[in-house]
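So the structure is just underneath, and the comments pick up after that.
Please treat every number below as a calculation from the coordinates, not as lab data. Please read these numbers as outputs of a predicted model, since none were measured by experiment. Don't worry about glycine lacking a Cβ; one is built from the backbone with ideal geometry, like all the others, and counts go over all protein chains shown.
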Amino acid sequence: DPDDLARGATITASSERASAPASNLNNGVSRPSFDGKVSNSWESNPSKPFPQWVELKLDKPASIGAIQCTFDTNLKGSHPNRTNPLPKECVRDYTLECYVNGQWVRVARVRDNIQRFRRHAFKLVKTDRVRLTVETTQGAETAMVFEMRVYADAAPILKG
């Protein structure tokens, strides 16, 4: 996606598993590898408590107005049913922030999420850093995210 400003971002995280590093968030693949060899996601260290965060440092400051997140909803595992209505891996509560004029500014806060894809549009901000903080999941001990995309405006994510 040539409009995605996160493609060349440097990514750091509060914690990560060796098999699922934060650098996977902009590798261009937003789903698990079904051969079991590559995770294609960031997964926080299960020995570290929530909240857990991941931060994208853009190549250069940019005006951004939209962020897209792709969460893990256990595409490889069991599907939700009456006894397990939501995949435990899915991020439930999270906050998106941008670093503006020396401080973190919240651009989105979501509670009780149940969706795999979340697209957030907001008033343009000039930033070189974006942070996703996962506060809770639907039951998993780790935060699991496949992809984050950053855009100058909402047009590319509204097309998709």
Revision key, fill the gap. Per the 1/(1 + (r/R0)^6) rule, R0 = 22 Å and r from the Cβ atoms of residue 103 and residue 48, FRET efficiency to 0.05 is 0.35
Check your understanding: So which aspartates and glutamates can residue 88 reach, going by Cα to Cα under 13 Å and dropping same-chain residues fewer than 8 places off?
Key -> 72, 112, 141
Check your understanding: Could you give the distance between the Cα centres of the range 80-153 and the range 37-69, to the whole Å?
Key -> 9 Å
